[in-house]
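Below is one structure; the comments refer to it alone.
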Amino acid sequence: GAVVSQHPSWVICKSGTSVKIECRSLDFQATTMFWYRQFPKQSLMLMATSNEGSKATYEQGVEKDKFLINHASLTLSTLTVTSAHPEDSSFYICSAGPETGKGETQYFGPGTRLLVL
Amino acid sequence: SQKIEQNSEALNIQEGKTATLTCNYTNYSPAYLQWYRQDPGRGPVFLLLIRENEKEKRKERLKVTFDTTLKQSLFHITASQPADSATYLCALKYSSASKIIFGSGTRLSIRP
């Protein structure tokens, strides 16, 4: 099956620093990738939809200048949390898909846990 | 706006029994309804997808039903095992290009 990886799997940083998270589709090309955030005991909340070669579409309430998304290739999207603060501490998950011509399934990465001190 | 309710935050059943999880939604029916499994600290894993024009889908011990009249999907795990313990997420998708909207999940615990 299709595999999506994320790097790093966890990161601890000081308040005010920027953190970059990578999302890669390992064995398929993904025109569209999605970024989610999940707080403890809550469901996944979509932050933005990223299309290769174009600007990301952000959900209401998500600051595009704070959460920078780059989708430079069909296998890589990056999320940069700029000037991170403790309230940005969360579990960030990306997904990719569907594969062209192969159904409607999105495949999720294993997630990146961010802790901002 | 669309709402998805998984009306059991937690479900605790005996091993070997059938676990039934419920997903209800408001407004118009999605083109696709999906179920995912999520273990603590991990990303969701896709289990089953059922289309608007399908009533039932099966995969091994899993069964999903989709009733657009009731605006409800049921997710069944037969012969449940402790390894089935996880959070199960219902998700709606309105077209092939649209985003997925997730329910809040049901935390299933199977006791030996």
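A short reminder: the numbers here are calculations on the coordinates, not readings from a lab. Everything quoted here is computed from the prediction, not taken from an experiment. Methodologically, a virtual Cβ is constructed for each residue, glycine included, from the backbone with ideal geometry; neighbour enumeration extends over all protein chains shown.
Observations on the structure shown:
- Full extension of the chain between residue A:117 and residue A:45 yields a length gain of 23.6 nm, computed as 0.36 nm times the residue separation minus the alpha carbon distance.
- Relative contact order of segment B:47-97, pairs being alpha-carbon contacts under 8 Å that are 6 or more residues apart, as %: 22 percent
- Under a model in which nothing but the beta-carbon of Lys, Arg (+1) and Asp, Glu (-1) is charged, the protein assembly as shown shows a dipole of about 260 debye around its Cα centre.
- When you restrict to C-alpha pairs under 8 Å that are six or more residues apart and normalise by the size of chain A, the relative contact order lands at 36 percent.
- Relative contact order computed over chain B (Cα-Cα under 8 Å; 6+ residues apart), in percent: 36 percent
- Per-residue Karplus couplings for segment B:61-68, computed as 6.51 cos²θ - 1.76 cosθ + 1.60 with θ equal to phi - 60°, are listed in order as 8, 9, 9, 10, 10, 9, 10, 6 Hz, Gly and Pro entered as x.
- Segment A:71-88 - phi-based ³J(HN,Hα) in whole Hz, Karplus 6.51/-1.76/1.60, Gly and Pro as x: 10, 7, 9, 6, 10, 9, 10, 10, 10, 10, 8, 8, 6, 5, 10, x, 5, 7
- Listed by chain and number, the lysines placed with their C-alpha closer than 20 angstrom to that of residue B:3 are A:41, B:71, B:93, B:99; residues fewer than eight positions away on the same chain are left out.
- Listed as lacking a disulfide-compatible partner in chain A: A:13, by the criterion of no other cysteine Cβ under 4.7 Å.
- Ordering of A:11-22, A:43-54 by packing is A:43-54, A:11-22, highest average first (other Cβ atoms within 10 Å, averaged per residue).
- Alpha-carbon radius of gyration plus Dmax, which is the widest Cα pair, for the protein assembly as shown in Å: 17.7, 51
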